Amino acid sequence: MIDINIIRKKPDWVKAQIAKRNDSAPIDAILELDGRRREILKEVEELRRQRNASSKQIGRLMGQLKKAQRAGEDVTKLETAVSQAKAAPRQIGDKISTLDDERRQVEADLQEKMLWVPNLPHPDTPIGPDESYNVIHEPQGAAESVFDFTPKAHWDLGTALDIIDFERGVKMSGSRFYVLKGKGARLQRAIIQFMLDMHVDKHGYTEAYPPFMVRSQCFENAGQLPKFYDNVYRDAEEDFMWLATAEVALTNMHADEILDEAALPASYVAYTPCFRREKMSAGKDVRGIKRGHQFDKVEMYQFVHPDESEAELERMKQHAIDICDALGLRYRVLELATGDIGYASERTYDIEIWAAGCEEWLEVSSTSNCTDFQARRANAKFRPADGGKTRYLHTLNASGLALPRVMIAILENNQQADGSIIVPEVLRPYMGGIEEIVNC
RNA sequence: GGAGGGAUGGCCGAGCGGUUUAAGGCGGCAGUCUUGAAAACUGUUGUGGGUUUCGUACUCACCGGGGGUUCGAAUCCCUCUCCCUCCGCCA
């Protein structure tokens with residue numbers, strides 16, 4: 001949610017910002033509803049003020065009446081006065097409830113429309129309607145092949161080593177599902193543990209293990225609803241949705257809270273599975289483990305002071321890069337164009353790693369500054385140390401990293417001519433000390 | 001799944017449908033006293049919205065959320081959420 005004051009002051013500018021995203025939002029309708037809301041509010045509050053005064057008057061009369069009754073005096077005059085005094089506020093009350101009904105309707109409409117306004121892009125975000133305008137940072141280009149044989153794709157390697165079982169995954173759950181077996185499952189677990197340890201021990205995040213199913217309100221707060229409703233798995237009977245990313249859960253860690261400035265930044269890292277219908281990507285990347293309905297991810301998330309969010313974005317990007325470096329993965333950084341950044345984001349970096357077998361750059365991390373967009377929806381604030389008014393926090397998220405694609409890169413880049421895989425050194429302590437995955 | 005009890009300010013905890021303010025305590029902040037501190041005493045204390053002479057006052061709402069009854073609701077009714085106790089089931 002963006003600040004409605006910006007829309008009030010510069011509606012045309014806001015429209016232009018949203019147009020840069022190749023998106024649109026009902027700004028004119030919002031202005032109209034907002035104006036009507038304030039009209040009603042002015043009127044209904046004045047009426048309420050009048051009614052409050054009248055009711056207080058009746059209260060005083062009732063006090064006198066009771067006193068008189070106790071004293072055994074004649075109370076008919078007072079009783080008449082009370083019933084006469086009721087007439088005016090009763091009429092006011094009728095007007096109030098009519099206006100209140102309209103107010104409720106207007107506010108519901110306004111809220112619904114505001115939910116369809118995306119975050120506004122940062123002035124430095126490259127402008128362009130789609131991903132072809134993304135700016136690729138160093139290092140660029142594909143790695144020259146270091147192989148003296150033709151490297152295989154992970155689906156062939158995994159099947160041959162019997163560490164990825166596509167057939168049985170499909171048997172259980174259909175396409176886009178697979179079973180990791182033996183050293184494959186162990187490798188994934190090792191990567192998860194390595195990443196969590198690095199973010200906790202070296203980068204200072206607090207490890208969190210959130211629920212994997214959360215209320216739909218959590219998705220709305222994170223900016224995933226209403227727009228991405230079709231891409232989320234949900235419970236048929238209860239108001240539960242399965243995480244599409246841990247970001248959804250972590251956004252809500254401090255929902256409806258006011259943090260002390262001294263508690264900032266509040267930094268979390270969580271391992272969770274992620275569930276996505278992939279409706280928008282139907283038919284895309286169906287081979288291998290690149291894009292499944294279920295995948296694992298380690299996610300970083302921070303609540304920071306608004307003045308810190310821009311610098312923090314750079315640091316979080318580096319935290320993701322640190323993982324790539326430690327695992328020996330060749331990566332490149334993309335700065336996403338206005339047409340490609342996420343709905344809640346003002347500025348996003350993607351990190352892609354090179355996979356030598358399928359010969360593509362794979363997105364393993366997306367690092368975004370969501371400014372106060374999610375914080376407004378989630379009502380997450382902080383109290384400035386100088387005692388000023390409470391302000392909305394800024395939130396940032398960064399994958400650190402997405403597991404299947406890291407697996408792909410390790411399998412494909414570390415393969416040897418005989419199809420065995422060299423285990424990256426940093427993972428060996430988590431793999432019982434083994435140095436390679438071999439066919440047995 | 002069944003039966004019952006709860007939710008009040010940062011925290012604890014009162015609150016017969018009304019008579020100017022949600023009592024009281026704790027904590028926090030400021031001040032007095034003191035060389036300093038403690039104690040004591042005094043004052044102060046939340047969130048959001050609207051109007052505005054825009055920095056000043058006025059005003060409205062908020063006692064778990066949402067409706068309702070009433071001239072008037074923390075208080076009565078309905079509903080949802082969460083917590084607690086007991087029974088049953090269970091990794």
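The values are calculated or read from the model by the stated rules, or taken from the named source; none is laboratory data. Predicted, not measured: the structure shown is a model, and the values here were computed from it. Backbone-built Cβ (ideal geometry, glycine too); neighbour counts: all protein chains shown. Heads up: the accessible areas ignore ligands, DNA and RNA and are worked out on the full protein's heavy atoms, side chains in. Shrake-Rupley method; radii C 1.70, N 1.55, O 1.52, S 1.80 Å.
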Pairs with Cβ under 9 Å, 6+ apart, first in region A:98-118 and crowded, with 18+ Cβ neighbours inside 10 Å, second among the hydroxyl-bearing types (S, T, Y) and at pLDDT 90 or above: A:P118/A:Y343; A:P118/A:S345
Filtered residues of region A:303-341 (kept if assigned to a loop (DSSP other than H, G, I, E, B) and under 30 Å from A:A262 (Cα atoms)): A:H305
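Just checking, does region A:373-389 include any residue being touching an Asp or Glu at 6+ places or on another chain (Cβ under 9 Å), touching a residue at least 60 places away in the same chain (Cβ under 8 Å) and within 21 Å of A:L180 (Cα to Cα)? So that I can check it myself, show each step before the final result.
Let us first name the residues in region A:373-389 that are touching an Asp or Glu at 6+ places or on another chain (Cβ under 9 Å), namely A:373-374, A:376-386.
Still in the list and also touching a residue at least 60 places away in the same chain (Cβ under 8 Å): A:373-374, A:376-385.
Right, trim to within 21 Å of A:L180 (Cα to Cα) and you get none.
No, region A:373-389 contains no residue that is touching an Asp or Glu at 6+ places or on another chain (Cβ under 9 Å), touching a residue at least 60 places away in the same chain (Cβ under 8 Å) and within 21 Å of A:L180 (Cα to Cα).
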Region A:378-395, subset open to solvent by less than 60 Å² (accessible area, probe 1.4 Å) and in contact with a Ser or Thr (Cβ under 6 Å, 6 or more places away or on another chain), residue nearest to RNA strand B (Cβ to nearest atom): A:K381
Enumerated helices (runs of 4 or more DSSP H) restricted to region A:161-262, each holding at least 3 residues that are more than 24 Å from A:Y392 (Cβ to Cβ): A:166-173, A:183-201
Residues within region A:240-251 that are open to solvent by 30 Å² or more (accessible area, probe 1.4 Å) and away from RNA strand B (no atom under 13 Å from the Cβ), tallied: 1
From the options A:M300, A:M316, A:M253, residue that is within 20 Å of the chain's Cα centre (by Cα) and at pLDDT below 95: A:M253
Filter result (of a type in the set (K, R), farther than 21 Å from A:I40 by Cβ and away from RNA strand B (no atom under 13 Å from the Cβ)) within region A:66-116: A:K77
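Right, A:V298: surrounded by 24 or more Cβ atoms within 10 Å (Cβ to Cβ), touching a Ser or Thr at 6+ places or on another chain (Cβ under 9 Å) and over 23 Å from A:L225 (Cβ atoms) or not?
Numbers: surrounded by 24 or more Cβ atoms within 10 Å (Cβ to Cβ): yes; touching a Ser or Thr at 6+ places or on another chain (Cβ under 9 Å): yes; over 23 Å from A:L225 (Cβ atoms): yes.
Spelling it out, A:V298 is indeed surrounded by 24 or more Cβ atoms within 10 Å (Cβ to Cβ), touching a Ser or Thr at 6+ places or on another chain (Cβ under 9 Å) and over 23 Å from A:L225 (Cβ atoms).
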